[in-house]
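The values are calculated or read from the model by the stated rules, or taken from the named source; none is laboratory data. Here the structure is a predicted model, which is why all the values come from computation and not from measurement. Note: ideal-geometry Cβ built from the backbone for every residue, glycine included; neighbour counts use all protein chains shown. SASA here: full protein model, heavy atoms, side chains in, ligands and nucleic acids out. Shrake-Rupley method; radii C 1.70, N 1.55, O 1.52, S 1.80 Å.
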Amino acid sequence: ISSLLFTGFRRLGTVAVYGTRMASFSVRKGLTQTARAPHHSLIIVGQNKHVKDISFEALSAKLDGHIDAEGWRAALDRLPASGSLPIYLNQTKLISVPDSASRHNAPANPHFVTKEVRGAGVISKETTSLSIVIVTEYAHALANVAAVARCFPLYTRKTTTQTLKEINVEVVFTDKQVSGEDMAALESVATSIRTTARLIDTPANELTTDAFVDEALAVAKQLGGIQTTVIKGDELAARGFGGIYHVGKAGPTPPAFVVLSHQPEGATSTYAMVGKGIVYDTGGMQIKGKTGMPSMKMDMGGAAALLTSFSTLVSSGFKQNLHVCLCIAENNISPAANKPDDIITLLSGKSVEINNTDAEGRLVLSDGVYYAKETLKADVIVDMATLTGAQAHMTGKYHAAVLTNCECLEEKIVRAGRFSGDLIHPMVFTPDLHFPDLNSSVADVKNSNLGKMMGPPSAIAGHFIGSNINFGEGLRWAHIDMACCALEGERALGYGVALVSAMFGEHTNAQVLSEAK
């Protein structure tokens with residue numbers, strides 16, 4: 001990641017992560033009437049208007065005598081328009097989500113949901129079970145389930161024993177019936193978000209390049225019927241993948257390019273997703289400082305999100321050809337590492353003058369998008385990356401940034417962001433104006449132009465990637481920079497899964513994923 005400012009994939013039942021037994025996590029439709037168990041906590045969350053419509057009778061089993069019908073009505077009378085209200089000590093909490101949102105926010109207000117659920121304070125040292133009731137409109141279900149899923153990270157190396165054994169999410173729809181495919185897709189999204197976060201949270205001494213390749217192959221095996229391609233180490237150089245090879249050649253384990261391919265009968269179009277998978281970014285020879293390097297295990301967040309999104313889309317019955325391309329490397333230092341002034345050749349044949357070894361993501365993605373165009377013959381290419389710290393100045397910490405040659409695709413992605421809760425906002429697509437900032441006197445292009453660029457840095461980084469496919473001419477291409485959306489504090493959020501699921505959900509059997517209803 002350039003100047004950032006600020007272990008197998010499994011379906012989630014009970015998952016053991018490095019010796020600590022994590023709570024199971026399930027998503028189901030409607031309210032269960034199972035009597036409240038000892039040491040059981042409850043959260044009810046939804047927009048204010050919907051929470052106030054829940055009858056006491058529907059919740060009586062869960063409230064288990066701690067409050068009667070009159071007390072429930074009194075609680076609803078005290079419920080704020082925005083905020084939370086404890087009902088019984090610290091074991092039950094009502095969360096009232098605002099009924100409206102600003103025009104660039106998601107209508108479901110999912111960031112508010114995440115903040116309130118995470119801070120609900122209903123889990124004690126004795127709590128063994130947590131029920132979360134989401135009361136939602138059908139159109140807000142994806143955003144709400146995603147918002148709750150990201151509250152419960154999977155990765156931990158803590159040696160203390162966790163008493164919480166199960167988290168049961170029950171989705172109550174206020175406006176329409178849902179299908180089994182819808183509920184399976186929502187649970188898959190929740191699984192994928194938490195798995196993405198696990199991969200990002202895992203340090204690079206565990207999630208090496210080899211381990212990340214194994215994660216990808218495990219996804220293919222789990223799905224079944226997936227064609228896999230793995231190009232690794234010196235073979236990358238021999239086959240012309242100069243971006244991935246030269247970025248990763250100084251790492252302790254070899255760089256790799258992994259492709260998973262889903263090609264169903266009857267497909268009429270081809271989609272390719274290309275992810276930046278830098279398992280650790282030291283900055284290379286132009287090394288990051290002591291405050292800039294911590295958290296750089298997150299620099300594979302784009303590849304992680306696309307890998308798990310691929311799993312969700314395929315398991316939800318994706319009807320078109322779908323490929324996920326993972327550009328995996330560790331940007332480290334050694335006598336073999338890229339140096340400023342080095343010139344390398346990318347898979348596209350373009351020569352690149354390296355003047356910033358910390359602008360490595362655009363190099364690996366350039367190989368990936370060129371492969372997607374020329375080998376996979378993709379009609380639509382979407383690359384995703386924790387690419388630039390400048391993204392924070394362009395769109396902030398809640399919105400990723402998108403650069404695309406296609407206005408219709410741009411509008412679709414922005415709508416998908418508001419629908420899914422993974423917010424995103426456009427960058428300027430002006431290669432004719434800004435790409436000349438990367439002119440080199442000795443090569444086809446520079447990978448950066450430190451301190452001398454007049455254009456927006458995040459957009460210029462995207463233009464560098466696009467230049468390898470003629471800026472998307474003849475196809476639809478989008479570059480998504482989500483550098484500042486990947487983490488909140490020291491924890492990963494699983495950003496990107498809900499967004500991609502909504503972008504491409506119309507091609508699945510799950511209508512709940514599709515913003516184009």
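Checked against a 28 Å cut-off, the cross-linked pairs LYS115/LYS290; LYS232/LYS373; LYS276/LYS373 give Cα-Cα distances beyond that limit for LYS115/LYS290.
Full-extension gain between GLU70 and LEU85, please, as 0.36 nm times their residue separation minus the C-alpha to C-alpha distance.
Details: separation 15, 0.36 × 15 = 5.40 nm, distance 1.61 nm.
Difference between extended and current length: 3.8 nm.
Of the peptides 270-278, 471-479, how do they stack up when ordered by the mean number of other Cβ atoms within 10 Å, highest first? Display every interim value, and only then the final one.
Working: 270-278: 29.8, 471-479: 20.0.
Averaged packing, sorted descending, gives the order 270-278, 471-479.
Scalar couplings 3J(HN,Hα) for region 130-140, obtained by applying the Karplus form with A = 6.51, B = -1.76, C = 1.60 to θ = phi - 60°, are 10, 9, 10, 9, 9, 9, 8, 6, 4, 5, 9 Hz; x denotes Gly and Pro.
For the chain, the fraction of 1.4 Å probe accessible surface lying on carbon and sulfur atoms is 50 percent.
Would region 184-305 count as rounded, prolate or oblate if I go by the C-alpha gyration tensor, calling it rounded below 1.5 in a/c and otherwise prolate when a/b exceeds b/c, oblate otherwise? It would help to have the intermediate numbers written out before the result.
Values: a/c = 2.26, a/b = 1.35, b/c = 1.67.
Oblate, because a/c is 1.5 or more while a/b does not exceed b/c.
Note down the relative contact order for region 53-168 as a percent, whole number, built from C-alpha pairs under 8 angstrom at least six residues apart. Could you put the intermediate results ahead of the total?
Numbers: 104 pairs, mean separation 23.0, N = 116.
Once divided by the residue count of region 53-168, the mean separation gives 20 percent.
Report the charge-dipole magnitude of the chain in Debye, nearest 20, computed about the Cα centre from +1 at each Lys and Arg Cβ and -1 at each Asp and Glu Cβ.
Working: 46 positive and 49 negative charges, 209 e Å.
In debye, rounded to 20, the chain gives about 1000.
Once all protein chains are placed together, THR345 keeps about 80 Å² accessible to a 1.4 angstrom probe.
Excluding same-chain neighbours fewer than eight residues apart, the lysines reachable from LYS288 by a Cα-Cα span under 16 Å are LYS297, LYS339.
Ordered by 1.4 Å accessible area with all protein chains kept, PHE112, PHE504 run largest first as PHE112, PHE504. Take the chain with all the other protein chains still there, run a 1.4 Å probe, and you get 37 Å² of accessible area per residue.
Computed FRET efficiency, Cβ-Cβ of THR229 and CYS408, R0 25 Å: what is it to the nearest 0.05? Walk me through the intermediate numbers first.
Numbers: r = 30 Å, r/R0 = 1.22.
E between THR229 and CYS408, to the nearest 0.05, is 0.25.
Accessible surface for TYR280 stands near 50 Å², nearest 10, in the context of the full protein assembly shown (1.4 Å probe).
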